[in-house]
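One structure below.
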Amino acid sequence: AAAGEAAAPQFKHDIAKVGVVGTGTMASGIVQVFAQAGYEVIYVGRSQDKLDGVVGYITKNLDRAIAKGKGTEGDKDALLGRLTGSTEREALGGVDIVVEAIAEDLELKLELFGDLDRICKPGAILATTTSSLPITKLGEATGRPQDVIGMHFFNPAPVMKLVEIITTSATSADVDETVRALTANVGKVGVSAGDRAGFIVNLLLFPYLNDAIKLAEGGEELATIDAAIKETAAFPMGPFELLDVVGNDVSLAIQKELHGEFGEPGFEPAATLVAKVEAGELGRKTGKGFHDYA
Ligand code: CAA
């Protein structure tokens, strides 16, 4: 490596088979990322319907790419051929790394990590894509905290380049380096971040999104705020467009964690965000959020 440039991370563990737990937007995108990079992916969900949803998400993305002249039907079939869905966590017994992308709920994740500890082979890396929950606690739910790490992707995972890599005080250096090598190998940019709620990006991003909602509650038009931000800062989306992509349920869970951890009065979730979630207006995935997608 040139002076001042860190040496490229190396694989200290062999990674051939990747497990993904979850079937939501993030999980589906993460399954696509690994399969696209040539990995065999075993993904686990709670029902056949949800497993089918993952294939549906990926197929739609690949069809859109093919329509734009990027990739062929053959590439699509090869990619889909690397996927195996299962409703049983036991299917993860042989994978080299699991990336967990279930709901942003600590109790659910603690229970899952206990199961992964029991099911996964010794030396398998247990990664979480949580955006705001303490990874240290997930490590402590296992008998192998040295193998537990954060691998935080952004939505839409197939497009967004960044992956925050979060080690705890227990994570081994080899696991950290392997995950950094894997991140580079799937075409992403890894950035190390500390194990605090929100890491780097969400700690800065979600208070801004929450403030945008409060601004609208004060009477400013959504479309005006979206337009102002897009035109001024060249953000790719205005705050309400982005909230609808991320999902209001996800945004509320993140904002609650940030409020709980930092206690900043301004971090209290905006009333309209809470109301949207209660009304089931979660964003693009339900056809209505701050904007309509009918
Ligand atoms: N899945 C896969 N690919 C997608 C996609 C999706 N959901 N949406 C768009 N794309 C692809 C398109 O196919 C297109 O690919 P090509 O260039 O290869 O043709 C590319 O992305 C650009 O898409 P478009 O031209 O249709 O639209 P765009 O230029 O508006 O880009 C966008 C779309 C990339 C989503 C862009 O609007 C953007 O960057 N938005 C901001 C997203 C963001 O900030 N995400 C972070 C959210 S925070 C978070 O994720 C935290 C968390 O913990 C959940």
Name the one entry in A65, A37, A91 that is closer than 28 Å to A181 by Cα and free of Cβ contacts under 8 Å to residues at least 40 places away in the same chain. A65
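Residues A216, A181, A233, A270: which one is modelled with pLDDT under 95 and of a type in the set (G, A, S)? Reasoning before the result, please.
Details: A216 fails: modelled with pLDDT under 95; A181 fails: modelled with pLDDT under 95; A270 fails: modelled with pLDDT under 95.
Answer to the selection: A233.
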For residues that are over 22 Å from A197 (Cα atoms) and either part of a strand (DSSP E or B) or among the basic types (K, R) (or both), tally how many sit in segment 249-294. 6
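The rows are residues; the columns are (1) modelled with pLDDT of 95 or more; (2) of a type in the set (A, V, I, L, M, F, W, C); (3) more than 18 Å from A184 (Cβ to Cβ); (4) surrounded by 21 or more Cβ atoms within 10 Å (Cβ to Cβ).
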residue: E5; (1), (2), (3), (4): no, no, no, no
residue: T25; (1), (2), (3), (4): no, no, yes, yes
residue: E40; (1), (2), (3), (4): yes, no, yes, no
residue: G45; (1), (2), (3), (4): yes, no, yes, yes
residue: I58; (1), (2), (3), (4): yes, yes, yes, yes
residue: R64; (1), (2), (3), (4): yes, no, yes, no
residue: G74; (1), (2), (3), (4): yes, no, yes, no
residue: D77; (1), (2), (3), (4): yes, no, yes, no
residue: G81; (1), (2), (3), (4): yes, no, yes, no
Among (1) aliphatic (A, V, I, L, M); (2) within 16 Å of the ligand (Cβ to nearest atom); (3) in contact with a Leu (Cβ under 8 Å, 6 or more places away or on another chain), there is one condition A141 misses while meeting the rest; what is its number? (2)
Output the number of residues of segment 204-236 satisfying the condition of being over 13 Å from L273 (Cα atoms), among the β-branched types (V, I, T) and away from the ligand (no atom under 13 Å from the Cβ). 3
What is the one condition in (1) over 18 Å from V159 (Cα atoms); (2) of a type outside the set (V, I, T); (3) touching a Leu at 6+ places or on another chain (Cβ under 7 Å); (4) without any contact (Cβ under 8 Å) to a residue 60 or more places away in the chain that E104 does not satisfy? (4)
Are there any helices (runs of 4 or more DSSP H) wholly within segment 151-236 with 2 or more residues that are without any contact (Cβ under 8 Å) to a residue 12 or more places away in the chain and surrounded by fewer than 19 Cβ atoms within 10 Å (Cβ to Cβ), and if so which? 201-217, 222-233
Residue in segment 245-294 that is nearest to S132 (Cα to Cα), counting only those that are surrounded by 22 or more Cβ atoms within 10 Å (Cβ to Cβ) and of a type in the set (S, T, N, Q): Q255
Looking at segment 90-111, which of the residues that are surrounded by 22 or more Cβ atoms within 10 Å (Cβ to Cβ) and more than 16 Å from the ligand (Cβ to nearest atom) is farthest from E164 (Cα to Cα)? L92
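Of the residues that make up segment 10-22, is at least one aromatic (F, W, Y) and within 21 Å of the chain's Cα centre (by Cα)? Walk me through how you get there before you give the answer.
Narrowing segment 10-22 to residues aromatic (F, W, Y): 11.
Okay, now just the ones that are also within 21 Å of the chain's Cα centre (by Cα), so none.
Looking for residues that are aromatic (F, W, Y) and within 21 Å of the chain's Cα centre (by Cα), one finds none in segment 10-22, hence no.
With the condition kept exactly as written, say whether any residue in segment 102-111 is within 25 Å of E177 (Cβ to Cβ), outside any strand (DSSP E or B) and touching a strand residue (DSSP E or B) at 6+ places or on another chain (Cβ under 7 Å). Don't jump to the end; show me each part of the working.
Going through segment 102-111, the residues within 25 Å of E177 (Cβ to Cβ) turn out to be 109.
From the residues that got through so far, the ones that are outside any strand (DSSP E or B) too are 109.
Narrowing further to those that are touching a strand residue (DSSP E or B) at 6+ places or on another chain (Cβ under 7 Å): 109.
Looking for residues that are within 25 Å of E177 (Cβ to Cβ), outside any strand (DSSP E or B) and touching a strand residue (DSSP E or B) at 6+ places or on another chain (Cβ under 7 Å), one finds at least one in segment 102-111, hence yes.
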Which residue, of F240, F290, F206, is of a type in the set (F, W, Y), at pLDDT 95 or above and under 19 Å from H152 (Cα atoms)? F206
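State which residue is surrounded by the most Cβ atoms within 10 Å (Cβ to Cβ) when the search covers only segment 120-150 and only residues that are hydroxyl-bearing (S, T, Y) and part of a loop (DSSP other than H, G, I, E, B).
Within segment 120-150, the first condition is being hydroxyl-bearing (S, T, Y), and the residues that meet it are 128-132, 136, 142.
Still in the list and also part of a loop (DSSP other than H, G, I, E, B): 129-132, 142.
Numbers: T129: 24, T130: 25, S131: 28, S132: 23, T142: 20.
Filtering segment 120-150 for residues that are hydroxyl-bearing (S, T, Y) and part of a loop (DSSP other than H, G, I, E, B), the one surrounded by the most Cβ atoms within 10 Å (Cβ to Cβ) comes out as S131.
The values are calculated or read from the model by the stated rules, or taken from the named source; none is laboratory data. Note that the structure is predicted; figures quoted are calculated from it, not measured. Please note: Cβ atoms are built from the backbone with ideal geometry, for glycine as well, and neighbour counts cover all protein chains shown.
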